[in-house]
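Enquirer: If you scroll down you'll find the structure; I have some questions about it.
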Amino acid sequence: MDVKRVFLIVLDSFGAGEAPDAGDFGDAGSSTLRSVSSSEKFYAPNLTRLGLFSIDGTGCERPEIKPFGVYGKAREVSAGKDTVTGHWEISGVISDKPMPTYPDGFPAPVLDEIEKETGIGALCNKPYSGTEVIKAYGREQARTGKMIVYTSADSVYQAAAHTDVIPLEKLYDYCRTARRILTGKNAVGRVIARPFVGEYPDYRRTSDRHDFALEPTGTTMLDILKSAGLETVAIGKISDIFAGRGVTERIPTVSNDDGMKKTDEVAERDFTGLCFVNLVDFDMLYGHRNDVDGYAAATTEFDGQLAQFIQKMRREDLLIITADHGCDPGYLKHTDHTREYVPILAYGKRLAQNVNLGVRKSFA
């Protein structure tokens, strides 16, 4: 089929069952799809008709349903299970080595260099939940003016500050400096600014989060499309993940709902190229918090928005829905990402129907 517009929607962390090497990552037995679809809050007739439950080997098959989409799953090649690695692989860049993680916090020389450059010291410096860390250190942050620095199982350096203590632009400048320093063996995938507001104990993070990612280590599909004169519209944190490279238009979002509304707005426009969307709430709000019902309800909401989007699709449009890794909310061994296959669902008015892609050898 001749394609003019591609809408590539990444359901952040919507895994389709444990990968063959899941045990190497401590994720044996994980399945985001199984956990989410078992909730009474889950109702996704449109994803189902696209082929979500026709994908082979998920343990959730419903053979009585004849899908109208193209469906399958993909196995990750890259050495990791994080957002940056997954999105880069979707775009054609394989990461042979895992990005560094810091289960014991960042080395003192790294923090010392950042403090020397910024004049701001660090609190915490260990893996922590983003909502819990501001409760634990928020008052000390206000008293000292230091930055709350924390990480997770992912390759991230996260910096949190109350906006009354460290204004937003100063927080961003701090993170830019940290990004410049965190290179070589300390080249984390993302430096993330995490502003928060409110009074103890009711601190809350704002929607002004900003990710400062490494530049991709190879040529991405965004680079190729942009160099060919096509548009590449990045919705959500896509531009941050690719350090802005290959992006012709950046559209930030504050939620899944906002992301789909802005995708609908782009669909109303006439353009030629790619609209690349990330819906982060699945991962950030539900996967990492072991909230099965919340994840399921978010999927149900997306499914309704999907029906509306499909109705708006034009004759030469192609829709692809996939994920960047898993984050099984029902997996009680940890709250980190899970090494899983990701689903591939595709639909177009001129695309063949009920085609099984089987298992693809990479996310690309």
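The values are calculated or read from the model by the stated rules, or taken from the named source; none is laboratory data. What you see is a predicted model, and the numbers here were worked out from it, not measured in a lab. Using ideal geometry, Cβ is built from the backbone for each residue, glycine included, and neighbour counts are taken over all protein chains shown. The protein model used for the area step is the full one, side chains on, heavy atoms only, and it has no ligands, DNA or RNA in it. Shrake-Rupley method; radii C 1.70, N 1.55, O 1.52, S 1.80 Å.
Enquirer: Rank these residues by their accessible area, most exposed first, probe 1.4 Å: S152, S38, S91, S207.
Expert: Result, largest first: S38, S207, S152, S91.
Enquirer: Taking Cα centroids, how far is the range 235-271 from the range 108-187 in Å?
Expert: 27 Å
Enquirer: Next question. Sequence-distant or interchain residues sharing an amide H contact under 5 Å with T272, placed H: which?
Expert: E231
Enquirer: What does the charge dipole of the range 241-336 about its Cα centre add up to, to the nearest 20 debye, if the Cβ of each Lys and Arg holds +1 and the Cβ of each Asp and Glu holds -1? Let's see the in-between values first.
Expert: Details: 10 positive and 18 negative charges, 59 e Å.
Dipole of the range 241-336, to the nearest 20 debye: 280 debye.
Enquirer: Can you bin the chain into rounded, prolate or oblate? Criterion: square roots of the alpha carbon gyration tensor eigenvalues sorted a ≥ b ≥ c, rounded for a/c under 1.5, prolate for a/b above b/c, oblate for the rest.
Expert: Prolate, since a/c reaches 1.5 and a/b exceeds b/c.
Enquirer: To continue, here is another question. Answer rounded, prolate or oblate for the range 1-46, using the Cα gyration tensor with square roots of eigenvalues a ≥ b ≥ c: rounded when a/c is under 1.5, else prolate when a/b is larger than b/c, else oblate.
Expert: Here the range 1-46 falls in the oblate category.
Enquirer: Past 32 Å, Cα to Cα: identify those pairs from K4/K97; K4/K361; K4/K261; K146/K185; K73/K312, in the order given.
Expert: Check vs 32 Å cut-off fails for K4/K97.
Enquirer: Here's a follow-up. Leaving ligands, DNA and RNA out of it, work out the accessible area of L318 with a 1.4 Å probe and give it in Å² to the nearest 10.
Expert: Spelled out: L318, probe radius 1.4 Å, area about 30 Å².
Enquirer: Report the accessible area of T248, computed with a 1.4 Å probe over the heavy atoms of all protein chains in place, in Å² rounded to the nearest 10.
Expert: T248 has an accessible surface of roughly 70 Å² with all protein chains in place.
Enquirer: So what J values fall out for the range 177-183 if you push phi through Karplus, 6.51 cos²θ - 1.76 cosθ + 1.60 with θ = phi - 60°, rounded to Hz, Gly and Pro as x?
Expert: Once rounded to whole Hz, the list reads 5, 4, 4, 5, 7, 7, 10.
Enquirer: Return the aspartates and glutamates within reach of K226: Cα separation strictly under 14 angstrom, same-chain partners fewer than 8 residues apart disregarded; answer none if there are no such residues.
Expert: Within reach: E249.
Enquirer: Which of the aspartates and glutamates could a cross-linker bridge to K41, judged by Cα under 20 Å and excluding same-chain residues fewer than eight apart?
Expert: Result set, ordered by chain and number: D12, E61, D257, D281, D283, D291, D293, E301, D303, D328.
Enquirer: Quote the charge dipole size of the range 189-313 about the Cα centre in Debye, to the nearest 20; the model charges only the Cβ of Lys and Arg (+1) and of Asp and Glu (-1).
Expert: Dipole size: approximately 360 debye.
Enquirer: Further question: Calculate the dipole size of the chain relative to its Cα centre from +1 charges on Lys and Arg beta carbons and -1 charges on Asp and Glu beta carbons; express the result in debye to the nearest 20.
Expert: Charge dipole, the chain, about its Cα centre: 480 debye, nearest 20.
Enquirer: In the chain, if the dipole is taken from +1 on Lys/Arg beta carbons and -1 on Asp/Glu beta carbons about the Cα centre, which of S152, G218, G259 is farthest to the positive end?
Expert: Toward the positive end, the furthest listed residue is G218.
Enquirer: Write down the accessible area per residue of the chain in Å², having rolled a 1.4 Å probe over the full set of protein chains.
Expert: On a per-residue basis, the chain sits at 41 Å².
Enquirer: Mind jotting down the distance between the C-alpha centroids of the range 40-97 and the range 274-332, whole Å?
Expert: If we compute the Cα centre of each part, the gap is 11 Å.
Enquirer: Got a sec? Which residues in the range 4-44 would a label at F68 touch, if it sits 7 Å along Cα→Cβ and we count backbone N under 17 Å?
Expert: In the range 4-44, the label zone of F68 (backbone N under 17 Å from the point 7 Å along Cα→Cβ) covers 44.
Enquirer: May I ask what percent, to the nearest 5, of DSSP beta bridges between residues of the range 60-182 are antiparallel?
Expert: Of those bridges, close to 40 percent are antiparallel.
Enquirer: Here is a further query. Rounded to the nearest 10 Å², what accessible area does V359 show when all protein chains are kept and the probe is 1.4 Å?
Expert: Number for this one is 80 Å².
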